[in-house]
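Everything on this sheet refers to the single structure shown next.
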Amino acid sequence: MAYNIKETRATASRINEVDINNIVMGHAFTDHMFICDYEDGQWKNPRIEPMHEIPTHPAAMALHYGQAIFEGMKTTLGKDGSPLLFRPDENAKRLNFSADRMGMPLFPEDLFIEGLKRFMAIEHNWIPTSEGSALYLRPFMYADEAFIGMRAATKYKFIIFASPAGPFFSKPIKLWAETKFIRAANGGTGEAKAAGNYAAAIRPTEIARTKGYDQVLWLDARDFEYVQEVGTMNFFLKIDGKWITPNLGGSILAGITRMSVIDLLRDKGFEVSERPITMQEIVAAFENGTLEEAFGAGTAVGIAMVEEIGYKDMKIKFPAENPVSEEVKQTLEKIKHQEIEDKFGWIVPVELDASVDA
Ligand SMILES: Cc1ncc(COP(=O)(O)O)c(C=O)c1O
């Protein structure tokens with residue numbers, strides 16, 4: 001269905017205020033935002049407006065009861081200069097999976113894609129071109145009804161904004177396998193991309209950093225034995241020539257990079273098992289010399305090689321060479337920049353808006 005998306009353009013671009021090719025993610029924002037309101041049981045008034053702050057009532061329900069979910073995506077520039085979206089239909093689906101879990105209204109998936117495309121057609125000048133950089137897109141939804149009481153809100157906003165982002169981790173990372181705090185338990189909200197999951201992870205991540213680790217490796221909530229995921233990434237491990245990633249058992253976020261990496265590894269001829277992985281198995285592989293490679297996989301970070309896992313009083317070290325992880329990383333990057341054939345059909349090009357200077 002074609003939507004009537006009203007556009008109000010910024011009078012002047014702020015792009016010259018920042019060096020988009022040399023920037024840390026999350027500090028600068030583009031000129032516009034896409035916004036849509038939910039009330040009276042329907043989504044209304046989809047529009048693109050100059051980036052602005054939104055008045056918030058102190059009783060806005062998201063602030064108290066946490067009905068807030070989000071997505072994370074990246075846009076790159078294709079060979080012909082058009083913005084490229086990576087599997088945006090998967091983000092639209094996952095947003096609605098999260099919405100359903102959190103008692104929030106579903107957002108029409110075709111409007112999600114159309115809003116993204118209209119937005120990117122206007123903001124394409126903000127896509128960085130330096131190596132490892134991209135324009136990060138943040139679609140999100142939150143409850144903005146002013147009300148005190150524990151029930152689903154009746155008013156929401158869905159917004160997409162964007163932030164130019166440089167490479168995340170430039171060197172292999174160290175993970176702290178957490179045995180006190182948990183991120184998610186089966187039946188909880190771990191498989192939704194809910195804001196509260198991240199709130200609960202902030203303090204344990206800070207503590208891991210004070211110990212010299214970059215990110216937390218989350219373990220299961222019952223036994224602190226099964227590996228779940230890493231900060232904002234899914235976890236992949238190679239033992240004795242075979243790749244393993246934790247199966248999506250109800251508490252792990254179904255990463256879009258994860259599903260893509262599984263396809264890429266299998267396409268390269270590797271066996272990939274989606275199954276429970278225990279810390280004991282990792283320790284045993286370390287001790288018998290079969291621990292080969294590990295990486296975290298996620299949109300914001302890409303593929304981040306792991307050099308060490310701190311677990312109780314052990315330092316589990318990985319070999320310095322990561323040949324397969326490196327190849328997967330390069331392949332994914334090349335697909336995202338149309339440097340090699342997109343044989344999986346993951347890339348969605350956006351038609352440019354002739355009224356914006358190229
Ligand atoms: C908790 C968590 N796990 C995994 C991922 C990776 O998901 P994706 O590859 O879709 O970015 C993310 C990032 O969205 C995340 O926040």
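The values are calculated or read from the model by the stated rules, or taken from the named source; none is laboratory data. Values in this document were obtained by computation on a predicted structure and should not be read as measured data. Positions of Cβ are backbone-derived with ideal geometry, glycine not excepted, and every protein chain shown enters the neighbour counts. Keep in mind that these areas ignore ligands, DNA and RNA; they rest on the heavy atoms of the full protein, side chains included. Shrake-Rupley method; radii C 1.70, N 1.55, O 1.52, S 1.80 Å.
Residue 63 exposes around 120 Å² of accessible area when a 1.4 Å probe is run over every protein chain in place.
Under the combined filter of DSSP loop state and at most 14 neighbouring Cβ atoms within 10 Å, region 273-358 retains these trypsin sites (Lys or Arg not before Pro): 312, 343. Taking every C-alpha pair closer than 8 Å and separated by at least 6 residues, the mean separation divided by the residue count of region 173-336 gives a relative contact order of 24 percent. In the chain, a dipole from Cβ-located charges (positive for Lys and Arg, negative for Asp and Glu) runs towards its positive end, and of 226, 85, 299 it is 226 whose Cα lies farthest in that direction.
Taking all protein chains into account, the per residue accessible area for the chain stands at 45 Å² (1.4 Å probe).
Going 7 Å from the Cα of residue 7 along its beta-carbon direction, which residues of region 57-88 have the amide nitrogen within less than 16 Å of the resulting point? Residues passing the 16 Å test: 82-83. A Förster radius of 30 Å combined with the Cβ-Cβ distance from residue 42 to residue 180 puts the calculated FRET efficiency at roughly 0.10. Per residue, the convex hull spanned by the Cα atoms of the chain measures out at 144 cubic angstrom. Here the Karplus curve 6.51 cos²θ - 1.76 cosθ + 1.60, taken at θ = phi - 60°, turns the phi angles of region 150-159 into couplings of 8, 7, 5, 5, 10, 10, 9, 10, 10, 9 Hz, with x standing for Gly and Pro. Largest GNM mean-square fluctuation among 314, 259, 233, using the chain with Cα springs under 10 Å: 314.
To the nearest 10, the accessible area of residue 327 is 90 Å² with a 1.4 Å probe.
Projecting label points 7 angstrom from Cα along Cα→Cβ for residue 288 and residue 53 puts them 6.0 nm apart. Test of understanding: extend the Cα→C-beta vector of residue 274 to 7 Å, then name every residue of region 80-103 with backbone N under 18 Å from that spot. Counting only backbone N, you get 87-98. The modelled label-to-label distance for the pair residue 130/residue 101, using points 7 Å beyond Cα in the direction of Cβ, is 3.5 nm. Mean projected area of the Cα convex hull of region 6-167, taken over all directions, amounts to 9.9 nm². For the chain, the fraction of 1.4 Å probe accessible surface lying on carbon and sulfur atoms is 51 percent. Scalar couplings 3J(HN,Hα) for region 304-313, obtained by applying the Karplus form with A = 6.51, B = -1.76, C = 1.60 to θ = phi - 60°, are 10, 5, 9, 9, 7, 10, x, 9, 6, 9 Hz; x denotes Gly and Pro.
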